[in-house]
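Asker: I have a structure I would like to understand better, so I am pasting it below and will then ask my questions one at a time.
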Amino acid sequence: MKVAFAGLGALGTPMAARCAARPGLAVWNRTHARAEAFGAAHPGVRVAATPRELAVGMDAIITCLPTSAEVAALLDGPDGLLAGLAAGSIVVDCTSGDPETSRAIAARLAEHGIAFVDAPVSGGPPMAAAGTLSVMCGGSAEDVARASEVVAPFAGKVIHMGPVGAGHAMKAANNVLLAVHILALSEAMTMVTKAGISPRVAAEVLNVSSGRSFVSEVLFPERVLTGTFPPLFRLALLEKDAGIAAALAGELGIDAPTLTAAHAVFHTLRAKLGESADYMEPFRVAESAAGVTLRG
Ligand code: NDP
């Protein structure tokens, strides 16, 4: 299967690098210099100048862009994906997108005989590089089986969640929980630190107790206690994910005050910290508000 990759960002780059182990990979990126640099680092990879050029002759296109809006915008126009894709091909969208736009994209592609699977991932750049991402798929069983082959180089686990949009709904649920845990832990940790408890000891206790989470077990010890805040996942993208979850709850008539509140806090933080801040920055904001530091 000839695979093409669009979107060489923080996550897309290590995912595409895994795909480069198979022959025939083509890549495209909005900022062409990034695609050229990728091609130079991976001999044999074709670097396309436009989405149309990317799609010509390919069986599958993987997209990994900020939101579903950018994926939809890639389709049309003389240089769009649809100008290059052949009937029978498949678009596998690894963006953390929204279900409604994905259903519209799937319908537009179906008019041309092209399949669509939403396939957002969980794990981040280190797990992408290790080929151990979890992939949550939405689409028909037949299309998801094809998508599983496409994502195999970077997937540790592929789960079929339901029809188109179900992958994005699941991913939004996961990430709004991540947002809740980050905010809750930053507040609880500054509280106990100000009460005179060592943050390292507090983390040790939490992590053998019922308040633990991935944030307390992995992210807090690795990044906050050590004071290393590597830019791996933009806070703006987590705010977007929490917004997708809050909107989905609203559309479904679900009262979700906690999820909605987490989105509102992240929305304020995004406005305050800007588009390039990392998603662990709420810890530094909480430290500064409480006048404590959470170092080990
Ligand atoms: P980045 O912001 O690092 O990269 C975004 C990519 O999208 C870049 O290649 C950028 O191109 C491209 N892009 C931005 N705007 C447009 C546009 N208008 N048209 C075409 N291309 C565009 O994001 P990530 O790689 O971190 O994330 C990508 C997706 O994966 C997001 O949906 C995110 O929520 C999700 N995700 C990210 C994780 C992470 O840990 N980073 C983990 C799990 C999911 P350019 O180089 O020109 O800026």
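Table: residues versus (1) buried (at least 24 other Cβ atoms within 10 Å of the Cβ); (2) in a helix (DSSP H, G or I).
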{"residue": "Arg108", "(1), (2)": "no, yes"}
{"residue": "Ala128", "(1), (2)": "yes, yes"}
{"residue": "Cys137", "(1), (2)": "yes, no"}
{"residue": "Glu142", "(1), (2)": "no, yes"}
{"residue": "Arg146", "(1), (2)": "no, yes"}
{"residue": "Glu149", "(1), (2)": "no, yes"}
{"residue": "Ala152", "(1), (2)": "no, yes"}
{"residue": "Lys157", "(1), (2)": "no, no"}
{"residue": "Val164", "(1), (2)": "yes, no"}
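Residues checked against (1) more than 17 Å from Leu185 (Cα to Cα); (2) surrounded by fewer than 17 Cβ atoms within 10 Å (Cβ to Cβ):
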position	(1), (2)
Gly211	no, yes
Leu235	no, no
Gly243	yes, no
Ala261	no, yes
Asp278	no, no
Ser288	no, yes
Val292	no, no
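Asker: Please tell me if Leu185 is closer than 21 Å to Ala10 by Cα, open to solvent by less than 50 Å² (accessible area, probe 1.4 Å) and in contact with a Phe, Trp or Tyr (Cβ under 7 Å, 6 or more places away or on another chain).
Answerer: Details: closer than 21 Å to Ala10 by Cα: no; open to solvent by less than 50 Å² (accessible area, probe 1.4 Å): yes; in contact with a Phe, Trp or Tyr (Cβ under 7 Å, 6 or more places away or on another chain): yes.
So Leu185 does not fit the description; no.
Asker: Could you give every pair whose Cβ atoms fall below 9 Å, whose first residue belongs to segment 147-161 and is basic (Lys, Arg), and whose second residue is open to solvent by 50 Å² or more (accessible area, probe 1.4 Å), counting only separations of at least 6 or pairs across chains?
Answerer: Sorted first by the residue in segment 147-161, then by its partner, the pairs are Lys157/Thr132.
Asker: For Ala172, are the conditions met, namely being within 20 Å of Leu235 (Cα to Cα) and in a helix (DSSP H, G or I)?
Answerer: On the way: within 20 Å of Leu235 (Cα to Cα): yes; in a helix (DSSP H, G or I): yes.
Here the answer is yes, as Ala172 does meet what is asked.
Asker: Tell me which of these Val208 doesn't satisfy, since it passes every other one: (1) in contact (Cβ under 8 Å) with a residue 12 or more places away in the chain; (2) not in a helix (DSSP H, G or I).
Answerer: (1)
Asker: Specify the residue that is farthest from the ligand (Cβ to nearest atom); the eligible residues are those in segment 110-126 that are part of a loop (DSSP other than H, G, I, E, B) and open to solvent by 60 Å² or more (accessible area, probe 1.4 Å). Walk me through how you get there before you give the answer.
Answerer: Taking segment 110-126 first, the residues part of a loop (DSSP other than H, G, I, E, B) are 111-114, 119-120, 123.
Imposing the further condition that a residue be open to solvent by 60 Å² or more (accessible area, probe 1.4 Å) reduces the set to 111-112.
Numbers: Glu111: 22, His112: 20 Å.
Selected residue: Glu111.
Asker: Moving on. Regarding Val3, is this residue in contact (Cβ under 8 Å) with a residue 40 or more places away in the chain and within 16 Å of the ligand (Cβ to nearest atom)? Walk me through it before giving the result.
Answerer: Details: in contact (Cβ under 8 Å) with a residue 40 or more places away in the chain: yes; within 16 Å of the ligand (Cβ to nearest atom): no.
In short, no.
Asker: May I pose another question? In the set Phe154, Phe214, which member is over 17 Å from Val285 (Cα atoms), assigned by TED's automatic domain parsing to the domain that holds Ser96 and within 14 Å of the ligand (Cβ to nearest atom)?
Answerer: Working: Phe214 fails: assigned by TED's automatic domain parsing to the domain that holds Ser96.
Testing whether each residue is over 17 Å from Val285 (Cα atoms), assigned by TED's automatic domain parsing to the domain that holds Ser96 and within 14 Å of the ligand (Cβ to nearest atom) leaves just Phe154.
Asker: Same structure again: Given the criterion at pLDDT 95 or above, small (Gly, Ala, Ser), more than 27 Å from Met170 (Cβ to Cβ) and not assigned by TED's automatic domain parsing to the domain that holds Leu252, identify the matching residue among Gly138, Gly88, Gly97.
Answerer: Gly88
The values are calculated or read from the model by the stated rules, or taken from the named source; none is laboratory data. In this text the structure is predicted, and so the values were computed from the model without any measurement. Glycine gets a Cβ as well: all are built from the backbone with ideal geometry, and neighbour counts include every protein chain shown. Side chains are part of the model used for accessible areas, which takes the heavy atoms of the whole protein and leaves out ligands, DNA and RNA. Shrake-Rupley method; radii C 1.70, N 1.55, O 1.52, S 1.80 Å.
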